[in-house]
Amino acid sequence: TLCRLMKEHIIPFSSFERILVRTSAGNNVHVFLSINAGIAALLWGEECGYDGWQEVVSQTREICIKYLAHACDENGFGYEGTGYVHEMLAAVTLFAFLHKQSGHGDIFKDAPRLRKTGHATVMYLLPDRSSLLNAGDLGLASPTGLAWLLILAREYDDSILRGFWHEFEGPPIFFRRYREPDTATRVKRLSHLMLAFLFWDAEAEATAVAEAGLPLTQYSPGTELSH
């Protein structure tokens, strides 16, 4: 049943032909659908007998690299601020991890801007650690959508991202600001909690944000963002 679901619905449910990533939000849905299809192709494509699953994986890799090149500026700041871009980066980073783990190539190495998106996120943090800067569409007071930073911390052995995680989010079983009264939203966020649990490393080196050496003020010419 699972293989039939993957073969007949999930892997074909992509929008490769409609994606032309620039700096707007217009293609987020198509990019997200295609990354989901790519993840399904990586995990179940061969087993379910989907013809051309390797091409789906290859196309998804290109989509992820294009997204990083056109949806984030050279300093790693997303053109959609701290809301939608982080949802997209979560999908890109998860695919990159699975892509590397399955031996298909290293997007983390091929697209070094991905690491910069993590440091840009740290620079969005308000001094009182209460939230991220409201840049673009919305800010981010809830930490539950940032589990992808733990994947970056692992892949790049980045103690700054771990330090940010400790200060803003804490252990995955204790998210300090985890308050989701709406059932549908709560279920969605649980997936991020599980991802955080899988990549949490309490013993790895962590650098406090105040000691990270990142600039206290930032101007990013791509997004024309100053803060």
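The values are calculated or read from the model by the stated rules, or taken from the named source; none is laboratory data. A quick note: this is a predicted structure, and the numbers were derived from the prediction, not measured. Every residue, glycine as well, gets a Cβ built from its backbone with ideal geometry; the counts of neighbours run over all protein chains shown. Side chains are part of the model used for accessible areas, which takes the heavy atoms of the whole protein and leaves out ligands, DNA and RNA. Shrake-Rupley method; radii C 1.70, N 1.55, O 1.52, S 1.80 Å.
Considering segment 57-70 alone, what residues qualify as being open to solvent by less than 10 Å² (accessible area, probe 1.4 Å) and over 14 Å from Pro112 (Cα atoms)?
Let us first name the residues in segment 57-70 that are open to solvent by less than 10 Å² (accessible area, probe 1.4 Å), namely 57, 60, 64, 67-68.
Once the filter is applied, which keeps residues that are open to solvent by less than 10 Å² (accessible area, probe 1.4 Å) and over 14 Å from Pro112 (Cα atoms), segment 57-70 yields Val57, Thr60.
Somewhere in segment 30-37, is a residue outside any loop (DSSP other than H, G, I, E, B), open to solvent by 20 Å² or more (accessible area, probe 1.4 Å) and hydroxyl-bearing (Ser, Thr, Tyr)? Outline the logic, then answer.
The initial filter retains those residues of segment 30-37 that are outside any loop (DSSP other than H, G, I, E, B), namely 30-37.
Subset that is open to solvent by 20 Å² or more (accessible area, probe 1.4 Å): 30, 32-33, 36.
Now restrict to residues that are hydroxyl-bearing (Ser, Thr, Tyr): none.
Checked segment 30-37: no residue is outside any loop (DSSP other than H, G, I, E, B), open to solvent by 20 Å² or more (accessible area, probe 1.4 Å) and hydroxyl-bearing (Ser, Thr, Tyr).
Picking from residues in segment 156-189 that are within 19 Å of Ala210 (Cα to Cα) and among the small types (Gly, Ala, Ser), the one that is modelled with the lowest pLDDT is Gly170. Cβ-Cβ contacts under 8 Å between residues 6 or more apart (or on different chains), taken from a first residue in segment 212-227 that is under 11 Å from Ala135 (Cβ atoms) to a second residue that is among the hydroxyl-bearing types (Ser, Thr, Tyr) and open to solvent by 90 Å² or more (accessible area, probe 1.4 Å), are listed as Leu225/Tyr219; Ser226/Thr217; Ser226/Tyr219; His227/Thr217.
Looking at Ala206, Ala153, Ala196, which is the one that is in contact with a Lys or Arg (Cβ under 6 Å, 6 or more places away or on another chain), modelled with pLDDT of 75 or more and in a helix (DSSP H, G or I)?
Working: Ala206 fails: in a helix (DSSP H, G or I); Ala196 fails: in contact with a Lys or Arg (Cβ under 6 Å, 6 or more places away or on another chain).
After ruling out the rest, the residue left standing is Ala153.
From the list Gly103, Gly76, Gly52, the lone residue that is closer than 18 Å to Glu155 by Cβ and surrounded by fewer than 19 Cβ atoms within 10 Å (Cβ to Cβ) is Gly103. Can you tell me which residue within segment 82-123, out of those that are more than 17 Å from Trp165 (Cα to Cα) and assigned to a loop (DSSP other than H, G, I, E, B), is nearest to the chain's Cα centre (by Cα)? Looking at residues that are more than 17 Å from Trp165 (Cα to Cα) and assigned to a loop (DSSP other than H, G, I, E, B), I get Gly83. Test Asp110 against the criterion of being out of contact with any helix residue (DSSP H, G or I) (no Cβ under 8 Å at 6 or more places or on another chain), open to solvent by 60 Å² or more (accessible area, probe 1.4 Å) and either more than 22 Å from Gly222 (Cα to Cα) or not β-branched (Val, Ile, Thr) (or both), and give yes or no. No; evaluated as a whole, the condition is false for this residue.
How about segment 38-49: which of its residues are open to solvent by 20 Å² or more (accessible area, probe 1.4 Å) and part of a helix (DSSP H, G or I)? Can you show your working first?
Start the filter on segment 38-49 by keeping residues that are open to solvent by 20 Å² or more (accessible area, probe 1.4 Å), which leaves 39, 42-44, 46-47, 49.
Within segment 38-49, Ile39, Leu42, Leu43, Trp44, Glu46, Glu47 meet the criteria.
Among the residues making up segment 124-144, those that are buried (at least 17 other Cβ atoms within 10 Å of the Cβ) and at pLDDT below 65 are Gly139, Leu140, Ser142, Pro143, Thr144.
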